[in-house]
Structure formats: C-alpha cells, structure tokens
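The block underneath contains the structure these notes are about, expressed in structure tokens.
The values are calculated or read from the model by the stated rules, or taken from the named source; none is laboratory data. Note that the structure is a prediction, hence the values are computed from the model and not measured. All Cβ positions, even for glycine, are placed from backbone atoms using ideal geometry, and neighbour counts span all protein chains on display. Side chains included, ligands, DNA and RNA excluded: accessible areas come from the protein's heavy atoms. Shrake-Rupley method; radii C 1.70, N 1.55, O 1.52, S 1.80 Å.
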Amino acid sequence: MIDETAAAPLPSEWPELDDPELLGGIIDIIVAEGGVDREAVTPVATLETLGIASMDVMMILMGIEETLDV
C-alpha cells in the first residue's frame, strides 16, 4: 500500500528549461521581491526556509507573471 501522506522528495537540481535564462530571471525576481540572498535560493529551498512572507509571495508571483507576459 502506498503512503499518500508521505511528501515527494525534494529536487536536488534545477530543472532543465528550453530557455536557460528563464530560471535565472525567476531567481532574480525571488531575490528582489522576497528580499533573500541569491545563494539561499536553491532547488531544496522552500518559502518557509527562505522566510518569505505571504505578501512577498504575491509580489514574486506578479513579477513572474509580468516577466513571462501571462
């Protein structure tokens, strides 16, 4: 039987994207809007471990939407 309450393992590497600059741009937005150090933004980092507040999450999402033109 599968334990559905178990969390999926965290990724240990960044995903490969068609546009390699896209990931860097998203990380830049997280750093700028979340007020965190770039070195802290890793594949295993979470909003909680980065100390990003809910209002900062909204600003990050708006920045990503604007960057991706969605």
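Quick notes on this structure:
- Within region 32-70, considering residues that are under 22 Å from residue 21 (Cβ atoms) and charged (D, E, K, R), the one modelled with the lowest pLDDT: 69
- Selection within region 8-29 - closer than 17 Å to residue 55 by Cα and either surrounded by fewer than 10 Cβ atoms within 10 Å (Cβ to Cβ) or more than 13 Å from the chain's Cα centre (by Cα) (or both): none
- Per-region count, region 30-45, residues open to solvent by less than 70 Å² (accessible area, probe 1.4 Å) and either free of Cβ contacts under 8 Å to residues at least 12 places away in the same chain or on the phi > 0 side of the Ramachandran plot (or both): 5
- Within region 46-59, the residues that satisfy the criterion of being under 11 Å from the mean Cα position of the chain (by Cα) and either in contact (Cβ under 8 Å) with a residue 40 or more places away in the chain or in a helix (DSSP H, G or I) (or both) are 47, 50, 57.
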